[in-house]
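Below: the structure, in structure tokens.
The values are calculated or read from the model by the stated rules, or taken from the named source; none is laboratory data. Here the structure is a predicted model, which means the values were calculated and not measured. Reconstructed Cβ throughout: ideal geometry from the backbone, glycine too, with neighbour counts over all protein chains shown.
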Amino acid sequence: MKIDPNLPILIVDDYRTMLRIIRNLLRQIGFTNVDEATDGASALTKLREKPYGLVISDWNMQPMTGLELLQAVRADPKLAHLPFIMVTAESKTENVLAAKEAGVSNYIVKPFNADTLRAKITSVLTKAS
Amino acid sequence: MTSEMSELGGRVVDAILAAEPQDSPRRPLLEEARRIVVDLLESFERAVSSEQRRLRAELDALAGMIATMKREVEAIRPEEIETRHMPTVNGEIGAIAAHLETATGDILDACESIERTLEGVPEAQAEAVREQVTRIYEACNFHDISGQRIRKIVKTLENVEERISALLAVLGQQPRRQRGESDPAVAALANSLLEGPQLPGNGRSQDEIDALFG
């Protein structure tokens, strides 16, 4: 499957350094149309303002966590089918299962590498198409 | 051993005996009853006295332990933990977080600069450099993980601080700071952390998580 390198992607993390790392890794993978948000609430606003093809979100953020953002996305008819990857240090089974039950498309545990990021994005976008 | 209670019991029976005629056939029975009453009361008093002594000893031991604990807590200068050590720890942790942020930013600046210089470089060479830059980006994950581990430490220290405050209150000393009054910058670091990064063996690996997703 050919993946559009111009696919609009929203990355969400409260660490600006982490946003920068993910943005650079995405650019190296081939994605250049990347927007950023530093919490779930501002991410949700952006998602409702502009059509995105993928969300890559951290979990631990305020005022809205990544899980709450995921739940809000899945509850919104216009966003419900948006591919959503959680990238987080939360690696306990109950957390992974909570994200899965909330409808996460895939789950990457930090620290991660470019190959993992590429593989999950490809998998998620292939399933979504 | 004759005690107050058995004496009183004996006097009650003596009063009954005094009312009896000297030739009364009930006298031997009453005299026997007096002996039994006195014996019983003496026995009861001995038992109560023994229990009192045991309780007294235990209370003395408890009081000694409390006094020792108080002396030991005072010796470690609990007020200094709150007023000097904890703020120092909070300040140092805040500084570590700031240094990590700056250092990672510098590393990313350098990587992005290297990538920009690759324009015009033959693709094979550029790709080799890019691969190494990718490894640096990947390694910079440490910043986020370290930050979250620091948040965990801050939470633990805040918990210790709260316990010390509670201990001071029990010992009758007024804590210098109220709960939740830690350095705002450090407190902000501790916010929003769910469980954070796990120590090896405590969390799921990426492969195990992939298996959960089928």
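Give segment B:194-214 a look and list any residue that's of a type in the set (Gly, Ala, Ser) and surrounded by fewer than 17 Cβ atoms within 10 Å (Cβ to Cβ), or say none. If the condition is that a residue be of a type in the set (Gly, Ala, Ser) and surrounded by fewer than 17 Cβ atoms within 10 Å (Cβ to Cβ), then B:201, B:205, B:211, B:214 are the ones that fit. Only a single criterion out of (1) in contact (Cβ under 8 Å) with a residue 40 or more places away in the chain; (2) more than 12 Å from every other protein chain (Cβ to nearest Cβ); (3) within 25 Å of residue B:101 (Cβ to Cβ) is not satisfied by residue A:41, namely (1). Every condition in (1) touching a helix residue (DSSP H, G or I) at 6+ places or on another chain (Cβ under 8 Å); (2) surrounded by fewer than 18 Cβ atoms within 10 Å (Cβ to Cβ); (3) within 12 Å of another protein chain (Cβ to nearest Cβ) is met by residue B:116 except one, and the failing one is (1).
Among the numbered conditions (1) in contact with an Asp or Glu (Cβ under 9 Å, 6 or more places away or on another chain); (2) modelled with pLDDT of 90 or more; (3) at the interface with another protein chain (Cβ under 8 Å from one of its Cβ atoms), the only one that residue A:97 does not meet is (1). Only one entry of B:41, B:62 meets the criterion of being modelled with pLDDT of 85 or more, surrounded by 13 or more Cβ atoms within 10 Å (Cβ to Cβ) and in a helix (DSSP H, G or I), and that entry is B:41.
For the condition more than 14 Å from the chain's Cα centre (by Cα) and buried (at least 22 other Cβ atoms within 10 Å of the Cβ), what is the one hit in A:90, A:94, A:49, A:101?
Going through A:90, A:94, A:49, A:101 in turn, just one is more than 14 Å from the chain's Cα centre (by Cα) and buried (at least 22 other Cβ atoms within 10 Å of the Cβ): A:90.
Cβ separations smaller than 9 Å between residues 6+ apart or across chains give the following pairs from segment B:190-202 residues that are more than 7 Å from chain A (Cβ to nearest Cβ) and farther than 17 Å from residue B:159 by Cα to residues that are at pLDDT 75 or above and assigned to a loop (DSSP other than H, G, I, E, B): B:202/A:91; B:202/A:92.
Test residue A:22 against the stated conditions and say whether it is assigned to a strand (DSSP E or B) and touching a strand residue (DSSP E or B) at 6+ places or on another chain (Cβ under 6 Å). Considered against the rule, which asks whether it is assigned to a strand (DSSP E or B) and touching a strand residue (DSSP E or B) at 6+ places or on another chain (Cβ under 6 Å), residue A:22 comes out as no. Counting only residues that are facing chain A (nearest Cβ under 7 Å) and under 26 Å from residue B:150 (Cβ atoms), segment B:203-213 holds 4 of them. Of the residues contained in segment A:70-86, none is found to be within 14 Å of another protein chain (Cβ to nearest Cβ) and free of Cβ contacts under 8 Å to residues at least 24 places away in the same chain.
Mind checking which residues of segment B:140-170 are within 8 Å of another protein chain (Cβ to nearest Cβ) and assigned to a helix (DSSP H, G or I)?
B:141, B:142, B:143, B:144, B:145, B:147, B:148
Mind listing whichever residues of segment A:65-95 are under 17 Å from residue A:129 (Cα atoms) and of a type in the set (Lys, Arg)? A:78 - this is the single residue of segment A:65-95 that is under 17 Å from residue A:129 (Cα atoms) and of a type in the set (Lys, Arg).
Restricting segment B:123-139 to residues that are under 17 Å from residue A:20 (Cα atoms) and touching a Leu at 6+ places or on another chain (Cβ under 9 Å) leaves a set whose member that is farthest from the other protein chains (Cβ to nearest Cβ) is B:136. Filtered by the rule that a residue be farther than 24 Å from residue B:148 by Cα, free of Cβ contacts under 8 Å to residues at least 24 places away in the same chain and assigned to a helix (DSSP H, G or I), segment B:75-100 gives B:75, B:80, B:84.
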